[in-house]
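Remarks on the structure that follows.
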Amino acid sequence: RLFRLAGVRVGALGIVALFFALFGLFYLNAQFLQDVKGYSPLLTGVAVLPVAVVMPVISARTGQLAARFGARAVTVAGLLILVAGLTLLSFGDAGTPYWAYGLLLALVSAGMGLAMPPLSGMIVHSLPPSHAGVASGLNSTTRELGSALGVAVLGTILTAHVGHHLSPAIHDLPAARDSFVAGFGVGLRVGAVLLLVVTAVVLQQHPERPRPAGR
């Protein structure tokens, strides 16, 4: 019954897709930096700081942007930025300089920061205050579902390419490294295509001003 509401339906689908891409990227990115670039675990953690820095800064400004340009425009812009970032990241390899890779991580983070608050808010504002717990639960559940699917699907794609070569020393094995880079690229492009489809759904079904159920 709740998913008959466009705001709940579109918001939930968008959150699933966002976290599919984000956690799929987290899973692939850590291995890419260590197994392809040869970074240590500590350096890998430092290398992903652009995600932690950019996302909260952008998220804090989405309310102002939505008030000026509309929630749908901000959501679609965030999704398209995320699609662009994932697509460009998918062409990374051992020779990609970190400054370029870090900028693309920041681009992905900016897209997440733009799209996530309005999508979450869409679920909340589509339901009456008496259903606040349901709205919160849906937000949490869709995030967990997207995260689990992202790791499972993109991890499976990576494993299908790398197979038995996956190891801490993969960066010393040219054939295994090439297989990893191929799986990494395919996985990120799958995430980008999924987000592109969701963007089309958001454009078509996004209620600019969701009406809470029962009102």
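The values are calculated or read from the model by the stated rules, or taken from the named source; none is laboratory data. These numbers were taken from a predicted model, which means no experiment stands behind them. Ideal geometry is used to build each Cβ from the backbone, glycine not excepted, and the neighbour counts take in all protein chains shown. Only protein heavy atoms, including side chains, enter the accessible area calculation; ligands, DNA and RNA are left aside. Shrake-Rupley method; radii C 1.70, N 1.55, O 1.52, S 1.80 Å.
Can you tell me which residue among Val51, Val83 is of a type outside the set (Gly, Ala, Ser), modelled with pLDDT under 90 and on the phi < 0 side of the Ramachandran plot? Walk me through it before giving the result.
Values: Val83 fails: modelled with pLDDT under 90.
Result: Val51 is the single residue among Val51, Val83 that is of a type outside the set (Gly, Ala, Ser), modelled with pLDDT under 90 and on the phi < 0 side of the Ramachandran plot.
Please enumerate the residues belonging to region 148-160 that are open to solvent by 20 Å² or more (accessible area, probe 1.4 Å) and closer than 15 Å to Gly191 by Cβ. Lay out the reasoning, then the answer.
Let us first name the residues in region 148-160 that are open to solvent by 20 Å² or more (accessible area, probe 1.4 Å), namely 148-149, 151-153, 156-157, 159-160.
Once the filter is applied, which keeps residues that are open to solvent by 20 Å² or more (accessible area, probe 1.4 Å) and closer than 15 Å to Gly191 by Cβ, region 148-160 yields Ala148, Leu149, Val151, Ala152, Val153, Thr156, Ile157.
So which residues in region 86-96 are free of Cβ contacts under 8 Å to residues at least 40 places away in the same chain and within 10 Å of the chain's Cα centre (by Cα), if there are any at all?
Of everything in region 86-96, nothing turns out to be free of Cβ contacts under 8 Å to residues at least 40 places away in the same chain and within 10 Å of the chain's Cα centre (by Cα).
What about Ala132, is it in contact with a helix residue (DSSP H, G or I) (Cβ under 8 Å, 6 or more places away or on another chain), farther than 30 Å from Ala176 by Cα and touching a residue at least 40 places away in the same chain (Cβ under 8 Å)? Give the steps one after another, and end with the answer.
Numbers: in contact with a helix residue (DSSP H, G or I) (Cβ under 8 Å, 6 or more places away or on another chain): yes; farther than 30 Å from Ala176 by Cα: yes; touching a residue at least 40 places away in the same chain (Cβ under 8 Å): no.
So Ala132 fails the test.
Return yes when Tyr39 is closer than 20 Å to Ala152 by Cβ, open to solvent by 30 Å² or more (accessible area, probe 1.4 Å) and of a type in the set (Ser, Thr, Tyr) and no when it is not. Outline the logic, then answer.
Working: closer than 20 Å to Ala152 by Cβ: no; open to solvent by 30 Å² or more (accessible area, probe 1.4 Å): yes; of a type in the set (Ser, Thr, Tyr): yes.
No.
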